[in-house]
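Working notes for the structure below.
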Amino acid sequence: MSLTLTRVPASAPPSVESPPRRGRPRFLRHVLLSGVGIVMMYPLLWMISSSVKPSDSVFTDEGLWPAVFDFGNYARGWTALSEPFEIYLVNSLVIVTLSIIGNLLSCSLAAYAFARLRFTGRKLFFAMMLGTMMLPGHVLVVPQYVMFDRLGWLNTYYPLLVPHFLATNGFYIFLMVQFMRSLPQELDDAARIDGCGPFRTFWKIVMPLCLPAFATTAIFTFISVWNEFFSPLLYLTDPQLYTVPLAVRQFMDSEGQSQWGEMFAMSFVSLAPVIGFFIAGQKYLVRGIATTGLR
């Protein structure tokens with residue numbers, strides 16, 4: 001009996017593949033995104049540059065670096081209108097603050113009912129609420145104006161504030177519903193065993209856990225109400241009640257003798273609260289959008 005041994009050739013050492021080079025694509029991607037970011041920021045940079053140019057050179061000096069600096073636009077713009085500009089800033093801050101409070105209270109209660117409670121017609125009412133998001137706002141202008149006129153609310157802040165306390169914004173309700181549905185149902189069951197009713201469960205259990213959704217709603221409300229132009233223009237006639245957008249509009253007259261330098265200076269001032277509020281709540285905004293599926 002012969003035993004033959006076959007020699008197994010030695011396997012070649014495994015080749016060590018070099019890791020894919022991702023440095024260059026990542027660099028190119030960053031360069032591309034930086035270029036797009038600069039293009040998107042150009043209007044803002046142009047406005048900031050125009051705020052320190054003389055009014056007669058705003059449209060003739062097209063560069064971002066002014067040939068002649070005129071920082072007096074800020075001082076003149078602050079007192080150029082019938083009222084000092086701080087009056088308009090305070091008016092806008094009052095409206096924005098009360099609007100945020102109204103949206104947080106009313107929309108969170110409506111969202112809690114849709115997300116956590118069980119009652120007859122819940123799905124139907126939720127579908128109707130979503131349907132209001134598809135309704136163009138301009139079709140409601142005339143009926144709302146007639147209604148506020150009959151209530152005697154014209155030239156007051158009531159038409160701008162009361163709707164925020166009545167949960168009329170379906171987008172904020174939908175945002176909070178999505179967030180509340182992600183919370184474990186066992187929290188409600190445990191609270192119910194401990195004797196909590198629906199409102200106490202909302203106040204003690206659900207509400208503290210919804211801070212990211214509340215911050216997102218507050219930031220969106222701040223930006224939308226602060227920049228709102230049409231509604232204040234429609235309902236306010238007293239210049240002492242004007243908001244910042246209406247005040248900035250006064251720098252432009254119908255005869256073309258606009259104070260461009262002062263207008264851009266006050267426009268830049270009006271952006272400061274929005275930027276500050278956004279920076280303060282940015283981390284909550286990202287978390288709130290990520291956890292509510294609004295991506």
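Of F126, F119, F71, all but one fail to be crowded, with 18+ Cβ neighbours inside 10 Å and among the aromatic types (F, W, Y); the exception is F126. Any chance you could count how many residues in region 156-166 are surrounded by 20 or more Cβ atoms within 10 Å (Cβ to Cβ) and out of contact with any Gly (no Cβ under 9 Å at 6 or more places or on another chain)? Number of matching residues: 2. Please tell me if G256 is open to solvent by 20 Å² or more (accessible area, probe 1.4 Å), at pLDDT below 80 and either farther than 22 Å from F148 by Cα or of a type in the set (D, E) (or both). Here the answer is yes, as G256 does meet what is asked. Once region 167-202 is narrowed to residues that are more than 14 Å from A113 (Cβ to Cβ) and of a type in the set (D, E), the residue that is least open to solvent (accessible area, probe 1.4 Å) is D189.
Given the criterion surrounded by 16 or more Cβ atoms within 10 Å (Cβ to Cβ), under 30 Å from the mean Cα position of the chain (by Cα), among the aliphatic types (A, V, I, L, M) and more than 30 Å from P208 (Cα to Cα), identify the matching residue among V52, V96.
V52
When the test is whether a residue is part of a helix (DSSP H, G or I) and either in contact with a strand residue (DSSP E or B) (Cβ under 8 Å, 6 or more places away or on another chain) or touching a residue at least 40 places away in the same chain (Cβ under 8 Å) (or both), V177 passes it.
Here are some residues: P208, P232, P198. Which one is farther than 20 Å from A110 by Cβ and not acidic (D, E)?
Details: P208 fails: farther than 20 Å from A110 by Cβ; P198 fails: farther than 20 Å from A110 by Cβ.
The match here is P232.
The values are calculated or read from the model by the stated rules, or taken from the named source; none is laboratory data. No experiment lies behind these values; they were computed from the predicted model shown. Here Cβ is always computed from backbone atoms with ideal geometry, including for glycine, and neighbour counts include all displayed protein chains. Areas reflect the complete protein model, heavy atoms only, side chains present, ligands, DNA and RNA absent. Shrake-Rupley method; radii C 1.70, N 1.55, O 1.52, S 1.80 Å.
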